[in-house]
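**Q** One structure, as structure tokens, below. Some questions next.
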Amino acid sequence: MSGSNEDFKYESLQDRNSIAKYLDALKDGFSSGKLILGSKEKQIVFEPSGLLRLEVKAKRKGDKVKISLKCSWREQSQTKEQKGESLVIESKKQG
């Protein structure tokens with residue numbers, strides 16, 4: 001996954017209940033560690049782990065309201081994960 005370039009974009013008009021369902025699905029995906037985003041044309045899978053950056057912006061300009069949520073993280077390559085798994089610390093008492 002690391003090093004590959006993939007993107008996904010979807011835009012539509014939805015009612016607030018539909019948006020709440022999408023946000024619930026995102027919540028479940030973050031909780032389980034696997035996000036699947038897709039449409040008829042494309043599907044992309046993310047596996048967030050470690051520390052994630054969260055950015056929330058909100059503004060009102062006249063009668064127009066905008067809320068933006070942005071989450072980002074760095075994916076670890078397989079070699080980095082394997083190096084992390086090889087750490088062993090032991091304490092042996094002599095006697």
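The values are calculated or read from the model by the stated rules, or taken from the named source; none is laboratory data. Nothing here was measured: the structure is a model prediction, and the numbers come from that model. Cβ atoms come from the backbone with ideal geometry, glycine included; neighbour counts cover every protein chain shown.
**Q** From Ala20, Ala25, which residue is surrounded by 10 or more Cβ atoms within 10 Å (Cβ to Cβ), touching a Leu at 6+ places or on another chain (Cβ under 9 Å) and either among the hydrophobic types (A, V, I, L, M, F, W, C) or not in a loop (DSSP other than H, G, I, E, B) (or both)?
**A** Sole residue among the options that is surrounded by 10 or more Cβ atoms within 10 Å (Cβ to Cβ), touching a Leu at 6+ places or on another chain (Cβ under 9 Å) and either among the hydrophobic types (A, V, I, L, M, F, W, C) or not in a loop (DSSP other than H, G, I, E, B) (or both): Ala25.
**Q** Quick check on region 63-77: of everything there that is loosely packed, with under 10 Cβ neighbours inside 10 Å and small (Gly, Ala, Ser), which residue is farthest from the chain's Cα centre (by Cα)? Give the steps one after another, and end with the answer.
**A** Keep residues of region 63-77 that are loosely packed, with under 10 Cβ neighbours inside 10 Å, which gives 63-68, 70, 72.
Next, only the ones that are small (Gly, Ala, Ser) stay: 68, 72.
Numbers: Ser68: 15, Ser72: 6 Å.
Step by step, filter region 63-77, then rank; the result is Ser68.
**Q** Step by step: first the residues of region 9-39, then only those that are of a type in the set (Asp, Glu) and farther than 16 Å from Cys71 by Cα, then the one that is modelled with the highest pLDDT. Which residue is that? If you could, list the steps in order and put the result at the bottom.
**A** Applying the first criterion (of a type in the set (Asp, Glu)) to region 9-39 yields 11, 15, 24, 28.
In the following step, the residues that additionally are farther than 16 Å from Cys71 by Cα were identified as 11, 15.
Details: Glu11: 92, Asp15: 97.
Per the criteria, the residue is Asp15.
**Q** Which pairs do you get when a residue that is closer than 21 Å to Leu23 by Cβ, found in region 58-70, comes within reach of a residue that is of a type in the set (Asp, Glu) and loosely packed, with under 10 Cβ neighbours inside 10 Å, reach meaning Cβ atoms under 9 angstrom, with the pair 6+ apart or on two chains?
**A** From residues that are closer than 21 Å to Leu23 by Cβ, the pairs are Ser68/Glu55; Leu69/Glu55; Lys70/Glu55.
**Q** Go through Ile44, Ile67 for me and flag whichever is in contact with a Phe, Trp or Tyr (Cβ under 7 Å, 6 or more places away or on another chain) and among the aliphatic types (A, V, I, L, M).
**A** Ile44
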